[in-house]
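A short reminder: the numbers here are calculations on the coordinates, not readings from a lab. Remember, predicted model here, so these are calculated numbers, not experimental data. All Cβ positions, even for glycine, are placed from backbone atoms using ideal geometry, and neighbour counts span all protein chains on display.
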Amino acid sequence: MAHAAFFVVAAIAVVAALGLVLRRNAIHGALFLVVNLGAIAVLYQTLGAEFLAWAQVIVYAGAIMVLFVFAIMVLIPGKEETGPDPRRAWRLLAFPAGALLFLQLIVVVRGARGGAGSGAPSVGGGVESIAGLLFTRYLFPFELTSVLLLAAMVGVLLLARRRV
Amino acid sequence: MVPESYYVGLSAILFTIGVVGVVIRRNPLVMFMSIELMLNAANLALVAFGRRVGNADGQAVVFFVMAVAAAEAAVGLAIIVAIFRLRRRLSVDDLSLMRW
């Protein structure tokens, strides 16, 4: 049962990712990416990471994708990526290169067995355990995150300002 | 219980699709979305490894990755909008100003 659910959600994630990459229309790609992010949120839930599942929905599917959709609507009138591609042959090299990368990833992952073993006790992924880590061991990176977001905010305001 | 290796395999598939997307697409917005796909694949692997090891540190790292991804998306989209104002076209092939 759990396996069947995993494979269904994984298939949805992979199909949505392929849709993002292969569809020409950018807004369709953005909607496919939302589906993919939702599927990954479901997978987080099955892994026991409840906090991350909801953070994924709120931060990615909520905030970041709205930003993307706005940018696409502002920048791209109708269809795009039409016309002949002058570097088509080079771009098609991406498929064998990608296959090679995938094989390499699989070899690395298969070689990395060992460690604590899969019989380790399941960890809680609720807000309590994450917050316990974030405010003790990872307190400094957590504060740095706030500085990073502030810097990003100031930088975006500077970039988006109209030149006078 | 589904073994962690399945999740890591799915993560490898999604990461590869993201890499291919960055290479074959000409639209910088779609390239950005492919980068988000890669970040998500890495996040999925982190959570899966975290469950295998048996602590929540992987999930804390994923939290930081999400924050960095949010900052990256905001700054990247602002840069794309600024370039579009300047050039009126949106294709990475035109952007060779900083090429050596």
### Task
Select from the stretch B:1-83 those trypsin sites (Lys or Arg not before Pro) which occupy a DSSP coil region and have at most 10 other Cβ atoms within 10 Å, ordered by residue number.
none
#### Entry: Note, ³J(HN,Hα) from phi for the stretch A:14-30, Karplus 6.51, -1.76, 1.60, rounded to Hz, x at Gly and Pro
5, 4, 5, 5, 5, x, 4, 7, 9, 6, 7, 7, 5, 6, 4, x, 4
## Note on the structure
Among A:TYR138, A:VAL127, A:LEU150, the residue whose Cα sits farthest towards the positive end of the charge dipole of chain A, when +1 is placed on the Cβ of each Lys and Arg and -1 on the Cβ of each Asp and Glu, is A:LEU150
#### Entry: Simple Cβ-charge dipole of the protein assembly as shown, Lys/Arg +1 and Asp/Glu -1, about Cα centre, in debye nearest 20
1020
## Note on the structure
Note, the stretch A:37-53: 3J(HN,Hα) by Karplus (6.51, -1.76, 1.60, θ = phi - 60°), whole Hz, Gly/Pro = x, goes 5, x, 5, 5, 4, 4, 5, 4, 4, 5, 7, x, 9, 5, 4, 5, 4
### Per-pair calculated FRET efficiency, R0 = 35 Å: A:ARG23 and A:ARG162 via Cβ, rounded to 0.05
0.60
### Query
Which of rounded, prolate, oblate describes the stretch B:4-91, given a ≥ b ≥ c as roots of the alpha-carbon gyration tensor eigenvalues and a/c under 1.5 marking rounded, otherwise prolate only if a/b is larger than b/c?
oblate
### Summary
Simple spin-label estimate for A:TRP90/A:ALA4, 7 Å along Cα→Cβ, in nm, reads 4.9
### Query
Shape of the protein assembly as shown from its Cα gyration tensor (a ≥ b ≥ c, root eigenvalues): rounded if a/c is under 1.5, otherwise prolate when a/b > b/c, or oblate?
oblate
